[in-house]
Amino acid sequence: MRADVLVVGAGVAGAAAALAAKRREPGLRVVLVGDEPPYRRPDIFSVMEGLPPSEIDTLGAELRRAGVDVRVGRRAGFEEGGAIAVGGEEVEYGALVLATGASAWVPPVGGIDLAGVHTFRGIGDAFSLRGGIEPGVRAAVVGAGLIGVKMAAHLARAGLKVTLIEMLSVMWTVLDPPLSDRIRAALEADGVRVMEGAALESVRGDGRVREVVAGGTAIPADLVVVATGVRPTVPGDVPELARGIRGAVRVDRRARAGEGIYAAGDCAESFDLPSGERTYRPVGSVAYLSGTIAGLNAAGAGASYRGFVRRQAEVVLGIEVTSVGLSGAEARALGVPHEVVTLRSERRPGGVGWWYGDGADYLAVVERGSDRVLGLEAVGWAGSRRPVAAAIPMIGEGRSLGDLEVLGLVPSDRS
Ligand SMILES: Cc1cc2nc3c(=O)[nH]c(=O)nc-3n(C[C@H](O)[C@H](O)[C@H](O)COP(=O)(O)OP(=O)(O)OC[C@H]3O[C@@H](n4cnc5c(N)ncnc54)[C@H](O)[C@@H]3O)c2cc1C
C-alpha cells in the first residue's frame, strides 16, 4: 500500500491531522490507521452507562466524507529501519504523522492487578466497568483530576458508595484553592467521601479487590477505578525519534519529530504559550490543534505555532469549571514566578448579568512583578465560562491584570 500521508492513531489528533492534510492538498492519498474507531474520549462515560459505541463514532463518517482512507480495527506495526506494516501489508509513505496517544498510568503498588481494579481510557474500559455498576457497591476512585472527579460523580449518582482518594487536592492541576473547595463540597453533597492528601499505598484482596489502603487508612472497596494520569504511547522502532518530558516524542514548533515525521496529541510534547516552555499536556484542545499543524505540514505547508493556551471547560456536577492558560500548579512546575489573585465580577448597573454567571468565583494566575496574565480559572453557574474564554486572546497577547477589567473582572484582594 502507498500513502502520501500516513497517520497512525485514530484519536482526536490523528483525525485532525488527516482532515487538515486532505483539506490542504485534496489530491493526496491520506491513510488513517487506528486500532480503535475515532471517537471523543469523554463520551466513554455514556458507554459506561449503556450507550452503544456505534452511537459515539461520529468522526469516522466525517473523515470518509473528506476522502480520508480510514483503516480502523488495525494496528500499525513498526519494524526495524522505519518500515510500517498494517495487517501484514507494508505501507510506503511520503510523510508520517504519529498520533498514537497515551495510555493510563497506574501507581506501582501491591495488588494493583487484582480483579475489580480498572482504568478508564477507552471503550473497552467502559464496557468492563459497566457490569460492576450497581447501587450499594463500594467504589474507590483514585485520583481527583477531571476524570476521577467525573467518575466519582457518575458512580455516586448511580447509587454506589464512593470514596475519592487524592494525594494532593481536588482538581489541583487545573484549579487553585479556594475554587477547588467548591468542587469538593459539591462532591460531598452528592454523598462522595473525599480524602485529600492521601496517597494510594496498596490494594488488598484475595484474587479480587476487597479494600484499598490510602493515607494509612483501609477503605473497603468492591470496585476501584484508577485515574492517576497517563503516559505517552510511543512506538520504539521509529528511527531518530527523540524523547522528552515523560518519554513523549520531542517535536519542534512545526510538530516535526524527524525527517518527514510529525507527532501530535498525547504522544508528543507541545509548547506552552504563556511561559514559552516545552510541556507534556495530554488534553483534547492541544491534541486537536497540534494534530492540525502536523497534518498541514505533512501535506507540505509550513505551519508553525508559538505555543498553545491550555483550555478546559467542563460541567462537573452541574457546575461550570473553566480553566485556561497556566494554573498555579503548572506555573510552579514550570518554574514561573507567579501569584494567584482572587477576582470579583463587576456587575455594573446596566451591565449584562448573564455574562458573568451568577455566583461564580474567579482567580487569575499572574507573573510576579509584571502582573502579566498567565491563566484564568472560574467555578460557578451558567455563564462563568464566557469571560474566561474571552480572556484567551488576552493571555496570548501578554496583557496584564488591569486589562481584565474590560471583561468585568477586577482583583478583590488588592488595593
Ligand atoms: C474519559 C476521558 C475524558 C476526557 N475528558 C477530557 C476533557 O473533558 N477535556 C480535555 O481536554 N481532554 C479530555 N480527555 C483527554 C483527551 O481525550 C485526550 O487528550 C485526547 O483524546 C488525546 O487525543 P490523541 O488523538 O492524542 O490520543 P488518543 O485519544 O489516545 O488516540 C490515540 C489512538 O491511537 C491508537 N494507537 C496507538 N498505537 C497504535 C498503533 N500502533 N496502531 C494503530 N493505532 C494505534 C490508540 O489505541 C488510540 O486509539 C479525556 C480523556 C478521557 C480518557
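Here is how the numbers come out for the structure above:
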| quantity | calculated |
| --- | --- |
| Fraction of beta bridges assigned by DSSP in the chain that are antiparallel (%, nearest 5) | 60 |
| Two-decimal Rg/Rh across region 115-197, once Rg and the Kirkwood Rh are taken from alpha-carbon atoms | 0.97 |
| Built amide H within the under 5 Å cut-off of Val97, gap 5+ | Leu6, Val7, Val8, Tyr262 |
| Amide hydrogen neighbours beyond the local backbone of Val251, cut-off 5 Å, H modeled | Glu269 |
| Region 22-88 and region 366-415: distance between their alpha carbon centers, rounded to Å | 38 |
| The chain, relative contact order [Cα under 8 Å, separation at least 6], % | 15 |
| The chain, dipole about Cα centre (Lys/Arg Cβ +1, Asp/Glu Cβ -1), debye to the nearest 20 | 500 |
| Cα shape, region 311-410, gyration tensor, a/c 1.5 rule | oblate |
| Normalised contact order of region 106-226, rounded percent, pairs of Cα under 8 Å and 6 or more residues apart | 34 |
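The numbers here are math on the coordinates, done by the rules we state, and not lab data. None of these values were measured; they are calculated from a predicted model. Every residue, glycine as well, gets a Cβ built from its backbone with ideal geometry; the counts of neighbours run over all protein chains shown.
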